[in-house]
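The values are calculated or read from the model by the stated rules, or taken from the named source; none is laboratory data. Note that this is a predicted model, so its numbers are computed, not measured. FYI the Cβ positions are ideal-geometry reconstructions off the backbone, even for glycines, and counts take in every protein chain you see. All accessible areas refer to the heavy atoms of the entire protein, side chains included, with ligands and DNA or RNA removed. Shrake-Rupley method; radii C 1.70, N 1.55, O 1.52, S 1.80 Å.
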Amino acid sequence: MKTLLSGIQPSGTLHIGNYLGAIKQWVELQKSYQVFISIVDLHAITVPQDPQELRKNTLELAALLVACGVDPKKSVLFIQSHVPAHTKLAWVLNTITPVGELERMTQYKEKRERAGTLAGLLNYPVLQAADILLYQPDVVPVGEDQLQHLEFTRTLARKFNSRFGKVFKEPKALIQKEAARIMGLDDPTKKMSKSAPSPNNFIALLDSPEEIRRKIKIAVTDSGRDIRYDEKSKPAISNLMAIYSAFSGMTVSQIEKKYHGKGYADFKRDLGELLVEKLTPIQKKYRELSRDDKKLLAILRSGAKKATGVANKTLSVVKRKVGFVL
Ligand code: TYM
């Protein structure tokens, strides 16, 4: 069986960009891959975090992932800081990483504006590479914003292998083409993001039906009135169509046909209803799960145990290769 690994930060509300760009693929691929999903709390502290919030967000995220369909019987769901091999491998990888490469990373340049030039933030991609390489995955399903980190991971794997002998597999990024970059509802030139200044930028997976309808209703649209997919001249409606397509399974051209002769208001009303219909069952399951922290912790502890078994195997090969006394 092939292996899939991905990660997600417990740093606030999950939105439909996270869901469509990443989580939905994890759930679909559980049938054919051994899946590892890491809740990356060590990454979350690279920008200032309130400790209580972080703890709450971590458990909430675990419940939400299970509610979205990550099945703990099939997939290994774990908290990154429960598996010490991640930081251990990151240290080793740091020693072969040129600082210049880290300084060029887009996400670092964006985040340092808010968080300052902290060493943890600079080294973020090295820890991400460790997250990935420990599990020797074939694929890493992510949204487009993570492609640079994936390319960096592959380069680092190649560098380590050529210096110490082959240890790591070079993993491939797996991108869900049409949902790789869901844009903000209030500004279709920027990606949908939980750190956006206005909550009208995103639909959170836990938004109420009224909130969902309201946010879609006020989402910006382009000039003209026809429902036509054209990212360049109609970025706002194209983004809404991509969301519609990903949730309904209809292709963009089927959507164009369905709304031929109709206006933005009709389309938006249906999109609002579609989102309510798809998110309501997730919210219901989430509410059941989040009442039972014990059950959730049991899932996460068992996930950490399985992950540790796999990660430690890779780590001991690495230790031998670099010359540590075992
Ligand atoms: P994070 O927590 O920011 O996001 C989780 C996943 O959601 C995707 N995503 C989007 N996809 C489409 N449209 C959007 N607007 C959108 N916003 C977010 C992200 O691409 C991501 O796949 N560095 C990672 C976490 C990480 C990781 C890893 C990922 C740490 N270690 C190892 C994969 C493998 C991050 O910040 O994701």
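Which cross-chain or sequence-distant (5 or more) residues have an amide H under 5 Å from the amide H of Val35, H modelled 1.01 Å from N in plane? The answer is Leu4, Val76.
Each Cα pair under 8 Å and six or more residues apart adds its separation to the average, and for the chain the resulting relative contact order is 23 percent. When the Gaussian network model of the chain links Cα atoms closer than 10 Å, the mean-square fluctuations of Asp230, Asp187, Asp41 top out at Asp230. Of the beta bridges in the chain, as assigned by DSSP with both residues counted there, near 15 percent are antiparallel. Considering every Cα-Cα pair within the range 22-152, what fraction, in whole percent, is farther apart than 23 Å? Beyond 23 Å sits 36 percent of the P(r) for the range 22-152.
Coupling constants for the range 204-217 follow from the phi torsions by the Karplus curve (6.51 cos²θ - 1.76 cosθ + 1.60, θ = phi - 60°), and in residue order they are 6, 4, 9, 5, 6, x, 5, 4, 4, 4, 5, 5, 5, 4 Hz; glycine and proline get x. Overall, the anisotropy analysis places the range 96-186 in the oblate class: the square-rooted eigenvalues a ≥ b ≥ c of its C-alpha gyration tensor yield a/c not less than 1.5, with a/b not exceeding b/c. Phi angles across the range 272-283 convert, under the Karplus curve 6.51 cos²θ - 1.76 cosθ + 1.60 with θ = phi - 60°, into 3J(HN,Hα) values of x, 5, 4, 5, 4, 4, 7, 8, 4, x, 5, 5 Hz, Gly and Pro given as x. The Kirkwood hydrodynamic radius of the range 199-287, based on inverse pair distances between different Cα atoms, is 13.4 Å. Per-residue packing, averaged as other Cβ atoms within 10 Å, sorts the ranges 277-288, 298-309 into the order 298-309, 277-288, beginning with the highest. Here's the list of lysines a cross-link from Lys159 could span, going by alpha-carbon distance under 21 Å and ignoring same-chain residues fewer than 8 apart: Lys88, Lys169, Lys172, Lys313, Lys319, Lys321. Given the options Phe164, Phe247, Phe152, state which has the largest fluctuation in a GNM of the chain using a 10 Å cut-off (strictly under) for Cα springs. Its mean-square fluctuation being the largest, the pick is Phe164. Pairwise Cα distances in the chain exceed 32 Å in 31 percent of cases. Within the straight-line cut-off of under 16 Å between alpha carbons, the aspartates and glutamates reachable from Lys109 are Glu101, Asp145, sequence neighbours fewer than 8 places apart in one chain being disregarded. Over what distance in Å are the Cα centres of the range 109-131 and the range 1-54 separated? Comparing the Cα centres of the range 109-131 and the range 1-54, I get a distance of 17 Å.
Taken one residue at a time, the phi angles of the range 17-34 give Karplus couplings (6.51, -1.76, 1.60, θ = phi - 60°) of x, 4, 5, 6, x, 9, 4, 4, 5, 4, 5, 5, 8, 4, 5, 10, 10, 7 Hz. Gly and Pro are set to x.
Between Lys258 and Asn161, the simple spin-label model (points 7 angstrom out along Cα→Cβ) gives 4.3 nm. In the range 199-287, carbon and sulfur make up what percent of the accessible area (probe 1.4 Å)? It is 53 percent, rounded to a whole number. Counting Lys and Arg as +1 and Asp and Glu as -1 over every other residue whose Cβ lies under 13 Å from the Cβ of Tyr264, the net charge comes to +3.
When the charge dipole of the chain is built from unit charges on Cβ atoms (+1 for Lys and Arg, -1 for Asp and Glu) and taken about the Cα centre, the candidate among Asn312, Leu29, Ile132 whose Cα reaches farthest toward its positive end is Asn312.
Quick check: net charge around Arg228, other residues with Cβ under 9 Å of its Cβ, Lys/Arg +1 and Asp/Glu -1? For residues surrounding Arg228, the net value is -2.
Calculate the FRET efficiency for Ala119 and Asp266 from the Cβ-Cβ distance with a Förster distance of 51 Å, rounded to the nearest 0.05. Efficiency for this residue pair is about 0.45. Of all aspartates and glutamates in the structure, those lying under 20 Å Cα to Cα from Lys257, and not within fewer than 8 positions of it along the same chain, are Glu178, Asp222, Asp226, Asp230, Glu231, Asp266, Asp270, Glu273. Listed peptides 108-120, 174-186 appear in the order 174-186, 108-120 once ranked by packing, highest mean of other Cβ atoms within 10 Å at the front. Taking the chain as a Gaussian network of alpha-carbon nodes connected by springs under 10 Å, the highest mean-square fluctuation of the residues Val35, Val70, Val167 belongs to Val167.
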